[in-house]
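Quick one: the structure is below, and I'll ask about it shortly.
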Amino acid sequence: QGRMCFEVRSVLPAESIIPAVRKAAAALDRNIPLTEVRTQTEQIGRQLTMERLFAALCGFVAALALLLSCIGLYGLMAYNVARRRSEIGIRMALGARPRDVAWPVVRGALLLAGVGTVFGGVGALTLVRFVKSMLYGVAPHDPLTLTLSALLLLAVAALAAWVPARRAAKVDPMVALRCE
């Protein structure tokens, strides 16, 4: 039960030379079964199935982590705004514009996200040697990927803080002051 593999190189499309390859093999010996005829692209695709599955799983876990961090950051910001409701009411009653009330909340979230992004970036650059062998098509220290990741996280933090901050800026000062 021996097996042999042959490779044929041609400038023609692979599908068009398969009958010629079968004919050439039959001309040598009619008892040679020619099975599993496929292109090199198909062969590589079969070899990379597990790697692609692992990459898809990692992408799913990363997206889930991003979603959970968004929910957590939104919850933290909403709690922070709720705690400061009377302060926000007093500021609004004294004539603060909605922008002046919302900006400190967003600024605090961006500061937290910025510090987290810096520490996360340093951690990623430190631990890159452990995942270097699993990266395909991306350099371990790719500045574009790192920058886009950091900007995405900062944008998510800004959005997660902006919603409660906007809601706080729309609060009627009398309602906020009555809550205490």
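The values are calculated or read from the model by the stated rules, or taken from the named source; none is laboratory data. Nothing here was measured: the structure is a model prediction, and the numbers come from that model. A quick note on method: Cβ atoms are made from the backbone with ideal geometry, for glycine too, and the neighbour counts reach across all protein chains shown. SASA here: full protein model, heavy atoms, side chains in, ligands and nucleic acids out. Shrake-Rupley method; radii C 1.70, N 1.55, O 1.52, S 1.80 Å.
Within segment 10-27, work out how many residues are within 40 Å of the chain's Cα centre (by Cα) and either of a type in the set (S, T, N, Q) or within 30 Å of residue 133 (Cβ to Cβ) (or both).
Narrowing segment 10-27 to residues within 40 Å of the chain's Cα centre (by Cα): 10-15.
This time we only want the ones that are either of a type in the set (S, T, N, Q) or within 30 Å of residue 133 (Cβ to Cβ) (or both), so: 10.
Of the residues in that region, 1 qualify.
Right, another one. So which pairs qualify, if the first residue must be in segment 28-56 and under 23 Å from residue 131 (Cα atoms), the second must be modelled with pLDDT under 80 and open to solvent by 80 Å² or more (accessible area, probe 1.4 Å), the Cβ gap must be under 8 Å, and the two must be at least 6 apart or on different chains?
51/136; 54/134; 55/136
Within segment 92-102, identify whether any single residue is at pLDDT 85 or above and either among the aromatic types (Phe, Trp, Tyr) or under 20 Å from the mean Cα position of the chain (by Cα) (or both), and answer yes or no.
Among the residues of segment 92-102, not one is at pLDDT 85 or above and either among the aromatic types (Phe, Trp, Tyr) or under 20 Å from the mean Cα position of the chain (by Cα) (or both), which makes the answer no.
Out of all the residues in segment 122-132, is one or more closer than 24 Å to residue 71 by Cβ and either over 20 Å from the mean Cα position of the chain (by Cα) or touching a residue at least 12 places away in the same chain (Cβ under 8 Å) (or both)?
Within segment 122-132, the first condition is being closer than 24 Å to residue 71 by Cβ, and the residues that meet it are 123-124.
Applying the additional criterion that residues be either over 20 Å from the mean Cα position of the chain (by Cα) or touching a residue at least 12 places away in the same chain (Cβ under 8 Å) (or both) yields 124.
Yes, segment 122-132 contains a residue that is closer than 24 Å to residue 71 by Cβ and either over 20 Å from the mean Cα position of the chain (by Cα) or touching a residue at least 12 places away in the same chain (Cβ under 8 Å) (or both).
Could you list all residues from segment 92-120 that are under 25 Å from residue 149 (Cβ atoms) and either touching a Leu at 6+ places or on another chain (Cβ under 6 Å) or open to solvent by 60 Å² or more (accessible area, probe 1.4 Å) (or both)?
107, 111, 112, 113, 115, 117, 118, 119
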